[in-house]
Amino acid sequence: MPFPGKGPDALMERLDEIAQIYPLDMVIPCLDSEIPNYLELSGEFKARGIRTPLLTKKSFDRRSKENLFQLGKAAGVRVPQTIVVSDLMAAHRASEKIGFPLFLKGKQYGAGRVTSPAEVASVFHSLMAAWGGPVIAQAAVHGSGDEYDVVGLGDGQGGLLGSCTIRKIMLTRNGKAFGGIVVADPALQKSVEKIIRKLKWWGPFELEFVKGKQGHELIEMNPRFPAWTDFPSQIGCNLPAMLVDLLLSRPVKPVAPCEPGKMFIRHCLDLVGDISQLAELSAGSLVKDAQPNLLQSLEPVS
């Protein structure tokens, strides 16, 4: 697939190439940076009979990092103090106003913890180089520091069709969930429902919270399934399958909360194949003569 920065035309051209080899009924984007291209191409997908999640640009923009503080205020959910900055001087001013430590975050992805004025410039410039402006300065949450992730599916009317809440028990270097345990927290669930109701969110989402002295604070909302989505599907909450049913206009019933205490730990899997297959993938697509063991290895894992 082309990099999202190449724009919607490059994306549509590549999908048309794929559709000539293998017709597409549905495409579910899973990267924050590619979703704007899918939103812009909604008419093209409709004309081709390809279903995609019915997320609106308005909802997508309202949950963005630069607008998250305003969304939290409107929904009655705590969000750490946030200041949007477009240049280094503004980043220094925002950091002094918020106080150290704090986080500088990229527009679509990436974040760096800043503990002193000397660290502001390097983190700011790296985020601008990777994602462009603006950069978001966000206060650190003081308290237990426990991090929570919620994956869910909204019905577009303000309702929640299903969700799974985990407390992160293992983190990657970038702070992503490498292991988690299901929790039942009525206060946290209420915050999730407030956000989805306010946005009238349609489709998949991920909400990230940190527990502070005054309760859970929302630090990010992502407009797609997170990497650990396969985990709840194995304990009775198959949200991707529900999304497919929604897109096919099949009846979908809300699912019960996941059982607390269930946990997952991610692991790596070696893919075994031939060097010729790697060459094909590097050139574009692996469409024939694939070894069965390679295809089996590509099945989702958690």
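Of the numbered criteria (1) open to solvent by less than 50 Å² (accessible area, probe 1.4 Å); (2) outside any loop (DSSP other than H, G, I, E, B); (3) at pLDDT below 95; (4) small (G, A, S), the one A241 fails is (3).
One residue stands out in segment 53-72 among those that are farther than 17 Å from V84 by Cβ and among the polar types (S, T, N, Q): the one that is farthest from the chain's Cα centre (by Cα), namely T56. The residues on offer are L55, L104, L11, and the sole one that is part of a helix (DSSP H, G or I), surrounded by 17 or more Cβ atoms within 10 Å (Cβ to Cβ) and not β-branched (V, I, T) is L11. Looking across segment 86-124, the residues that are under 24 Å from L31 (Cα atoms) and of a type in the set (A, V, I, L, M) come down to L104, A111, V123. Is there a residue being at pLDDT 95 or above, over 19 Å from the mean Cα position of the chain (by Cα) and either farther than 12 Å from E147 by Cα or β-branched (V, I, T) (or both) anywhere in segment 202-220? No, segment 202-220 contains no residue that is at pLDDT 95 or above, over 19 Å from the mean Cα position of the chain (by Cα) and either farther than 12 Å from E147 by Cα or β-branched (V, I, T) (or both).
For segment 73-93, enumerate the residues that are open to solvent by less than 60 Å² (accessible area, probe 1.4 Å) and more than 13 Å from A121 (Cβ to Cβ).
Restricting attention to segment 73-93, the residues satisfying the condition of being open to solvent by less than 60 Å² (accessible area, probe 1.4 Å) are 74-77, 79-80, 82-83, 85, 88, 90-91.
Result: A74, A75, G76, V77, V79, P80, T82, I83.
Once segment 116-131 is narrowed to residues that are surrounded by 13 or more Cβ atoms within 10 Å (Cβ to Cβ) and touching a residue at least 24 places away in the same chain (Cβ under 8 Å), the residue that is nearest to the chain's Cα centre (by Cα) is W131. From the list R48, R113, the lone residue that is farther than 30 Å from E193 by Cα and more than 16 Å from the chain's Cα centre (by Cα) is R48. Taking the stated definitions as given, is I18 at pLDDT below 95 and either surrounded by 14 or more Cβ atoms within 10 Å (Cβ to Cβ) or in contact with an Asp or Glu (Cβ under 6 Å, 6 or more places away or on another chain) (or both)? Answer is yes for this residue.
Just the residues that are under 12 Å from V135 (Cα atoms) and in a helix (DSSP H, G or I), please, taken from segment 73-88. Scanning segment 73-88 gives a single hit, L88.
The values are calculated or read from the model by the stated rules, or taken from the named source; none is laboratory data. What you see is a predicted model, and the numbers here were worked out from it, not measured in a lab. Glycine also receives a Cβ, built like all others from the backbone with ideal geometry; neighbour counts cover every protein chain displayed. These area figures cover heavy atoms from the full protein model, side chains too; ligands, DNA and RNA do not enter into them. Shrake-Rupley method; radii C 1.70, N 1.55, O 1.52, S 1.80 Å.
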